[in-house]
């Protein structure tokens, strides 16, 4: 049961990556190739964490947005943001814009949530996971883009270049 799910997520992720990177040209710099490879590794880790580990239980479908009524909900929200932040960080190293990174986070999370619901894997398809994962990708991208912009500005002042 785990392999078809991993295959589905891998195909959807591959399509999303191709759509994001092909439009602006394939990764030419070594740092971009490494970032793309790490992004695939991140995706495999997310698939394993999402489908390869025991479920915490819960209802099959949660459509109640921004439910932060107890400590477990807050912990779940923080963990979901942190789960997708590395994708945003890595996408910022590629020729990707902020809205494309956000869309990548949204579509990746949507694929996970739909798969959880359709396969009845014992995991909950949760609107809050979708929101928090998308937010994580945006936060990761934004923080990395800001650091890169500061590094580029600082290197121009000193006459050096930053090649990311």
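Mind giving me the FRET efficiency for residue 68 and residue 117? R0 is 25 Å, r the Cβ-Cβ distance, nearest 0.05 is fine. Mind dumping the intermediate values first?
Working: r = 22 Å, r/R0 = 0.87.
So, using R0 = 25 Å, E works out to roughly 0.70.
Once fully extended, how much extra length lies between residue 153 and residue 82, figured as 0.36 nm per residue of separation less the alpha-carbon to alpha-carbon distance?
22.8 nm is the gain from fully extending residue 153 to residue 82.
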request  = Can you bin region 61-164 into rounded, prolate or oblate? Criterion: square roots of the alpha carbon gyration tensor eigenvalues sorted a ≥ b ≥ c, rounded for a/c under 1.5, prolate for a/b above b/c, oblate for the rest.
outcome  = prolate
task = Go ahead and collect, in residue order, the members of region 102-119 whose backbone nitrogen is under 18 Å from a label point 7 Å along the Cα-Cβ direction of residue 38.
result = 102, 105
inquiry  = Could you sort the peptides 69-80, 114-125 by per-residue average Cβ neighbour count (10 Å cutoff), highest mean leading?
reply    = 114-125, 69-80
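We did not get these values from a lab; they are worked out from the coordinates using the rules stated. Just so it is clear, the structure is predicted and the values come from calculations on it, not from any experiment. No Cβ is skipped: glycine too gets one built from the backbone with ideal geometry, and neighbour counts run over all protein chains shown.
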